[in-house]
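The values are calculated or read from the model by the stated rules, or taken from the named source; none is laboratory data. None of these values were measured; they are calculated from a predicted model. Positions of Cβ are backbone-derived with ideal geometry, glycine not excepted, and every protein chain shown enters the neighbour counts. Side chains included, ligands, DNA and RNA excluded: accessible areas come from the protein's heavy atoms. Shrake-Rupley method; radii C 1.70, N 1.55, O 1.52, S 1.80 Å.
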Amino acid sequence: MREQRENTGRSGGTLPFVGELLLLILLIVVLTLVVTKSALLHRELAEAAELPEQEQTQTEETPPPEETPPADTVDTALKPYATEETHPSNLLTETAVSVNGEITEDYQPRGEITFGGSDTYTTAKGIITFRGNNYRDTASYGTADLTEKQFGSSWTVTTGSLQAPDGQVWTGSGWTGQPLVVEWDAQTRRNMNLYDWAKEKDGLTEVIYACMDGYIYFLELDSGQRTRDPINVGYTFKGTASLDPRGYPLLYVGAGYHSYEGKARAFVISLIDGKVLYTYGNGDSFALRDWSMFDGSPLIDAETDTLIHPGENGVLYLIHLNSSYDPVAGTVAVDPDEVVKWRYSTTRTGSQYWLGMESSPVVWDGNLILADNGGNLMCVDINTLEPVWVQDVLDDTNCTPVFSVEDGHPYVYVSTSFHEGWRSWTTATIPVWKIDAVSGEVVWQVDYTCYTVSGVSGGTQGTIALGKNKLDDRIFVAVSRTPDAAGGVLAALDKETGEVIWEFHSKVYSWSSPVDFYDSEGNGYLIYTTSGGYMYLIDGATGDILDSMDLGGNIEASAAVYNNRVVVGHRRCQIWGVELK
């Protein structure tokens, strides 16, 4: 019976049990589907609601990468200021500003002048001012393809001489005397008074050389062939001219001495027809020194159309050019409508401490750096014309300051000369300085003992070359009349410490500025020229002399290097163009 009841029970409850089981499974499936669908729907709604916020949050948390600033960009947080050591009142007694002939106590600039880095000064293809730009840090353009590391073929052009009313005779090319080298665009080339072959030659690269015989010469870089008639201005040009950084066919050049044409002055010249468009600086009653020479190479601020030119009369000229160039019509003009002048006087007494500036101006941002004939290195706010700091550089300073940006911080490299009788009649110390451009304080100095000869000073007359690429850890400076009265030294100094990396001693001194240039791999080389007429090709890394060449005359002028060609003139009335191979 028991067995029967168990069998009967299993048999009799089968259908109800299966049905309950199926119902339970179905319920589980339905609940699973509902929960899953609900979760999916919830997630879709949440994503739909949160996606914009998430994207916005991601954009805020991960901004697009910033562009790397150019290597020569100064940290914008750095503004110049004076310390106790460099306060302007230590060396300056007063300053004054004149606008269109009227002295003003409340100068307001017509437009704010702000310069960018050295690589933004011009888009021109070439070397258009002394040492290339507003930092004065290069006299080379392009790269040199050196396979033999020697001088190659050469050309020469004969220049002349000019006698001044006092009997002095100025010959050939002198200090600073750097040529300009530029490749003109096709339209401008055809507008200018070039010879027909030069107008039509694609890629024509023109050498423009203002010389001491009163002429401005125009030559083809590769051949030395004249590209147009020289311009006879009739004034001795010792310094270096400047071209307009906007590509306008305008030349700015200052006379270095009086002539039978009159007192020295500065000129703005049309390169369309060779005519003088404007002159300034002669017989200036605002000047405290009656010495209207202009050896410095001017700068032009393209944004405000302002010419910036310091003179040996102790006046800084800021001239609103009101310039125009119509390449279609082939016309160029200037019509200055505002002339601003700044002058200064110093605490130094004695006739030897001259006012005036022979070196070329440096501008970074809105700050103007000037070295003068009386031992002052000055930083002036170019928009307020207020001195910011002044550093004592001891002597008549002819070398142009060189501006350098290192890890975002600005510095100035500069040296001075030994003017006979100012500090000594025998020997004097010539420091090479690295100066903090923010405060004007000395970072380091390296001293050389120099001699001098009346009228032909020792010390540093050329401008320091700033190493770049594989030479970016060093500067190069030529010091004259050391270690004896005849000799000279070219020194490579460590930028950070001032330590000597190498020195090349020449039997005769150099007033010329060394030129650094580079190949496509960044290897650096130097052109070094001497009063003995020799030009040297030097390995900038080691100081090894790779080649030398006798040019046959005293080379006071500074060379320029354009790709594989170096151009320089000398006092024996020749301009040389030499291949670098």
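Of all residues in the range 79-100, how many are part of a loop (DSSP other than H, G, I, E, B) and either open to solvent by less than 20 Å² (accessible area, probe 1.4 Å) or touching a Ser or Thr at 6+ places or on another chain (Cβ under 9 Å) (or both)?
Initial filter on the range 79-100 (part of a loop (DSSP other than H, G, I, E, B)): 79-87, 91, 100.
Still in the list and also either open to solvent by less than 20 Å² (accessible area, probe 1.4 Å) or touching a Ser or Thr at 6+ places or on another chain (Cβ under 9 Å) (or both): 80-83, 85-86, 91.
Residues flagged as part of a loop (DSSP other than H, G, I, E, B) and either open to solvent by less than 20 Å² (accessible area, probe 1.4 Å) or touching a Ser or Thr at 6+ places or on another chain (Cβ under 9 Å) (or both) within the range 79-100 amount to 7.
Name the strands (runs of 3 or more DSSP E) wholly inside the range 472-581 in which the number of residues that are farther than 19 Å from Lys149 by Cβ and touching a Phe, Trp or Tyr at 6+ places or on another chain (Cβ under 6 Å) is 2 or more. First the steps, then the outcome.
Values: elements: 474-480, 488-494, 500-506, 515-518, 524-529, 534-539, 545-550, 560-562, 565-570, 574-580.
Those strands (runs of 3 or more DSSP E) span 474-480.
Scan the range 200-225 for residues that are touching a residue at least 40 places away in the same chain (Cβ under 8 Å) and part of a strand (DSSP E or B) and jot them down.
Once the filter is applied, which keeps residues that are touching a residue at least 40 places away in the same chain (Cβ under 8 Å) and part of a strand (DSSP E or B), the range 200-225 yields Thr205, Val207, Ile208, Tyr209, Ala210, Tyr215, Ile216, Tyr217, Leu219.
So which of Gly177, Gly224, Gly214 is surrounded by fewer than 20 Cβ atoms within 10 Å (Cβ to Cβ) and at positive phi? Quick ask: steps written out before the conclusion?
Values: Gly177 fails: surrounded by fewer than 20 Cβ atoms within 10 Å (Cβ to Cβ); Gly214 fails: surrounded by fewer than 20 Cβ atoms within 10 Å (Cβ to Cβ).
Among Gly177, Gly224, Gly214, only Gly224 is surrounded by fewer than 20 Cβ atoms within 10 Å (Cβ to Cβ) and at positive phi.
Would you tally the residues in the range 496-523 being open to solvent by less than 20 Å² (accessible area, probe 1.4 Å) and among the hydroxyl-bearing types (Ser, Thr, Tyr)?
So the count comes out to 5.
If you check Ile464, Ile475, which single one turns out to be open to solvent by less than 10 Å² (accessible area, probe 1.4 Å), in contact with a Gly (Cβ under 7 Å, 6 or more places away or on another chain) and closer than 21 Å to His409 by Cβ? So that I can check it myself, show each step before the final result.
Values: Ile464 fails: in contact with a Gly (Cβ under 7 Å, 6 or more places away or on another chain).
Ile475 is the lone residue from the list that is open to solvent by less than 10 Å² (accessible area, probe 1.4 Å), in contact with a Gly (Cβ under 7 Å, 6 or more places away or on another chain) and closer than 21 Å to His409 by Cβ.
Let's see how each residue does on (1) more than 23 Å from the chain's Cα centre (by Cα); (2) open to solvent by 10 Å² or more (accessible area, probe 1.4 Å); (3) modelled with pLDDT under 95:
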| residue | (1), (2), (3) |
| --- | --- |
| Met549 | yes, yes, no |
| Gly553 | yes, no, no |
| Val561 | no, no, no |
| Gln574 | yes, yes, no |
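Of the residues that sit in the range 440-461 and are open to solvent by less than 10 Å² (accessible area, probe 1.4 Å) and in a loop (DSSP other than H, G, I, E, B), which one is farthest from Thr542 (Cα to Cα)? Step through it out loud before you land on a result.
Here is the first cut: in the range 440-461, the residues open to solvent by less than 10 Å² (accessible area, probe 1.4 Å) are 440, 450, 458-461.
Of the ones still in play, those that are also in a loop (DSSP other than H, G, I, E, B) are 440, 460-461.
On the way: Gly440: 32, Thr460: 22, Gln461: 24 Å.
Checking each candidate, the answer is Gly440.
Please count how many residues of the range 478-495 are without any contact (Cβ under 8 Å) to a residue 24 or more places away in the chain, over 26 Å from the mean Cα position of the chain (by Cα) and open to solvent by 10 Å² or more (accessible area, probe 1.4 Å).
From the range 478-495, those without any contact (Cβ under 8 Å) to a residue 24 or more places away in the chain are 486-487, 494; that's our starting set.
When the remaining residues are screened for being over 26 Å from the mean Cα position of the chain (by Cα), the result is 486-487.
With the extra rule that they be open to solvent by 10 Å² or more (accessible area, probe 1.4 Å), the set shrinks to 486.
Residues flagged as without any contact (Cβ under 8 Å) to a residue 24 or more places away in the chain, over 26 Å from the mean Cα position of the chain (by Cα) and open to solvent by 10 Å² or more (accessible area, probe 1.4 Å) within the range 478-495 amount to 1.
Of all residues being touching a residue at least 60 places away in the same chain (Cβ under 8 Å) and closer than 28 Å to Tyr135 by Cα in the range 260-272, which is surrounded by the most Cβ atoms within 10 Å (Cβ to Cβ)? Just the residue, please.
Taking the range 260-272 as the starting set, the residues that turn out to be touching a residue at least 60 places away in the same chain (Cβ under 8 Å) are 260, 268, 270-272.
Among the residues that remain, those that are also closer than 28 Å to Tyr135 by Cα are: 268, 270-271.
Details: Val268: 21, Ser270: 22, Leu271: 25.
By that ranking, first place goes to Leu271.
Restricting attention to the range 273-317, and to residues there that are in a loop (DSSP other than H, G, I, E, B), open to solvent by 10 Å² or more (accessible area, probe 1.4 Å) and of a type in the set (Phe, Trp, Tyr), which single residue is farthest from Asp372 (Cα to Cα)?
Phe286
Taking Leu355 and the conditions (1) at positive phi; (2) at pLDDT below 95, which numbered condition does it fall short on, given that it satisfies the others?
Failed condition: (1).
Limited to the range 105-142, what total is found for residues that are open to solvent by less than 40 Å² (accessible area, probe 1.4 Å) and outside any loop (DSSP other than H, G, I, E, B)?
Applying the first criterion (open to solvent by less than 40 Å² (accessible area, probe 1.4 Å)) to the range 105-142 yields 107, 111, 113, 115-118, 121-122, 124, 126-140.
After this cut, where a residue has to be outside any loop (DSSP other than H, G, I, E, B) as well, the list is 115, 118, 126-127, 140.
Selection size over the range 105-142: 5.
Output the residues belonging to the range 398-439 that are under 19 Å from the mean Cα position of the chain (by Cα), crowded, with 19+ Cβ neighbours inside 10 Å and outside any strand (DSSP E or B).
If the condition is that a residue be under 19 Å from the mean Cα position of the chain (by Cα), crowded, with 19+ Cβ neighbours inside 10 Å and outside any strand (DSSP E or B), then Asn398, Cys399, Thr400, Pro401, Ala437, Val438 are the ones that fit.
Being touching a residue at least 24 places away in the same chain (Cβ under 8 Å) and either open to solvent by 10 Å² or more (accessible area, probe 1.4 Å) or among the polar types (S, T, N, Q) (or both) narrows it down to one of Trp170, Trp197, so name that one.
Working: Trp197 fails: touching a residue at least 24 places away in the same chain (Cβ under 8 Å).
Result: Trp170 is the single residue among Trp170, Trp197 that is touching a residue at least 24 places away in the same chain (Cβ under 8 Å) and either open to solvent by 10 Å² or more (accessible area, probe 1.4 Å) or among the polar types (S, T, N, Q) (or both).
Those residues that are in a strand (DSSP E or B) and either aliphatic (A, V, I, L, M) or surrounded by fewer than 20 Cβ atoms within 10 Å (Cβ to Cβ) (or both), I need them from the range 326-345; list them, please.
Let us first name the residues in the range 326-345 that are in a strand (DSSP E or B), namely 326, 331-333, 338-345.
If the condition is that a residue be in a strand (DSSP E or B) and either aliphatic (A, V, I, L, M) or surrounded by fewer than 20 Cβ atoms within 10 Å (Cβ to Cβ) (or both), then Asp326, Thr331, Val332, Ala333, Glu338, Val339, Val340, Ser345 are the ones that fit.
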